[in-house]
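Structure record follows, encoded as structure tokens.
The values are calculated or read from the model by the stated rules, or taken from the named source; none is laboratory data. As the structure is a prediction and not an experimental result, all values here were calculated from the model. Using ideal geometry, Cβ is built from the backbone for each residue, glycine included, and neighbour counts are taken over all protein chains shown. Please note that ligands, DNA and RNA were not included when accessible areas were found on the heavy atoms of the full protein model with its side chains. Shrake-Rupley method; radii C 1.70, N 1.55, O 1.52, S 1.80 Å.
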Amino acid sequence: KLRAADAPVSAAETQLRYLPCGLDRGLEDYERTRVAFYHAQGLAVLTYVNPMLCASYEPRFSAARSAGALLRAPDGSPSVFNSFVGGTGPAGFSIQPVGEYDFTSRSGPPAYGDVVARMLAFGHDGWMEDFGEYTALDARSADGRTGTALHNRYPTLYHCGVDRLTAGRPIVRFQRSGWTGAARCADVVWGGDPATAFGFDGLSSAVTQALSMGLSGVSRWGSDIGGYDTLGTDPKLTPELLQRWIEFGAVSAVMRMKKSGLAIPAYARPQVWDPENVGVWRRYAKLHTQLYPYLLAADAQYRRTGLPLMRALVLDDPSDARAAAAGDEYRFGNDLLAAPVVTAGARSRAVYLPRGAWLDGRTALRYDGTGDGAYHAAAAAPL
């Protein structure tokens, strides 16, 4: 449907969980066929993994235990705790005993590397590198960490450990958890599971998160367009919210949406390929892809200087009190200013312009909606 609407799409995410429980087992032929299909369509294919290992995943768990590849409990046995593992049970929920790989031990990285090699052998171009923030406080790593020191440090050990395992490979890994030092080992960070709402924990919170992540040293960031959680009294996703989130996604480092989310009770979510939404997706996905060279240049600047792509205005001018107070707009690289609309029913919003010469994007850019969908420069007077 997206292709038929001339709406860009570049990657598909399967969410097949290689860890913690090995849900890929028995689906080998199916997954090879699915990966080959997407590759034939010109798409990258991403899958799912996390640092936990189900005690029921045999013989992998026994082998990891014997090799000393897992974090240990005080008595020397694997540190095991109950965790959500997904993919099975009512409504996709399953809670099972799991251990965690120890990336400080001699045997931990090679044991985890076996799973990485399995994903790569099936042709995956990357994965959601999920979790990492649930380490038990009484767990111990091979290098002697325990308690809060290990719990807080574990996401950095995890993501940097996988980064070393995949060094030089043309893949993308996207993470949620982090701690000091994790940013240098992250390809992409995404904002977890936001609510399908305009306000708190929804779209407006995603904008706040984008800026605080940039202030924390993370540049390649994106959110679940449309939100993820609709729990109990949460508002359901509406076409208006989806379209506003698409606009925000276009001026995020990563433009990524989810077909489904966690909804209790379940309902039919609006989709980007629905007739009322696909034109908005086409318009802003075209903008995002047309900005690729600009985004790559901004990312290179981040690697050199630490200035993030989604940049709080105060970073460019710490002496500007109004810039410091602007929490819902940001520079998108050096030359663009983004001011997402995050209020239901709003048709306009106030924008603070930092010092400098600015053009109004509504007149400086012309969208060719009836043609190839590209944006073209147009004559515009400075604001």
* Asked: What are the extents of the Cα atoms of the chain along their three principal axes, listed from largest to smallest and rounded to whole Å?
  -> 70, 49, 44
* Asked: Using the alpha-carbon atoms, what tilt in degrees (0 to 90, nearest 10) does helix 28-40 show relative to the longest principal axis of the chain?
  -> 20 degrees
* Please give the contour-minus-distance gain from residue 149 to residue 164: 0.36 nm per residue of separation, less the Cα-Cα distance, rounded to one decimal in nm. => 3.2 nm
* Relative packing of peptides 56-67, 110-121 - highest average C-beta neighbours within 10 Å first -> 110-121, 56-67
* To do: Return the calculated 222 nm mean residue ellipticity for the chain, to the nearest 500 deg cm²/dmol, obtained by summing -39500 (n - 2.57) across DSSP H runs with n ≥ 4 and dividing by the residue count.
  => -9500 deg cm²/dmol
* **Accessible carbon and sulfur surface of the chain relative to its total accessible area, %, 1.4 Å** => 56 percent
* Structure fact -> Heads up, region 184-284 by the C-alpha gyration tensor (a ≥ b ≥ c square roots of eigenvalues; a/c under 1.5 rounded, else a/b over b/c prolate, else oblate) looks oblate
* **FRET E, pair residue 6, residue 353, Förster distance 51 Å, beta-carbon r, rounded to 0.05** => 0.90
* Structure fact -> Checked region 302-344 against the a/c 1.5 cut and the a/b vs b/c comparison, axes a ≥ b ≥ c from its Cα gyration tensor; verdict oblate
* **Net dipole in debye of the chain [+1 Lys, Arg Cβ; -1 Asp, Glu Cβ; about Cα centre; nearest 20]** => 420 debye
* **Amide H partners (placed H, <5 Å) of residue 195, local residues excluded** => 202, 228, 229
* To do: Take peptides 294-307, 197-210 and line them up by average Cβ neighbours within 10 Å, highest first, as a rough protection proxy.
  => 197-210, 294-307
* May I ask you to derive the relative contact order of region 210-334, considering only C-alpha pairs under 8 Å and at least 6 residues apart, and to give it as an integer percent? => 30 percent
* Structure fact -> The simple spin-label model distance between residue 321 and residue 363, using points 7 Å out along Cα→Cβ, in nm, is 3.2 nm
* Tilt relative to the chain, helix 292-305 - C-alpha long axis, 0 to 90 degrees, to 10 -> 60 degrees
* For region 261-359, what is the accessible area per residue in Å² when the probe is 1.4 Å? -> 53 Å²
* Relative to the longest principal axis of the C-alpha atoms of the chain, give the angle of the C-alpha long axis of helix 239-250, reported between 0 and 90° and rounded to the nearest 10°. => 90 degrees
* Asked: How high is the FRET efficiency between residue 240 and residue 117 when r is their beta carbon distance and R₀ equals 35 Å, given to the nearest 0.05?
  -> 0.20
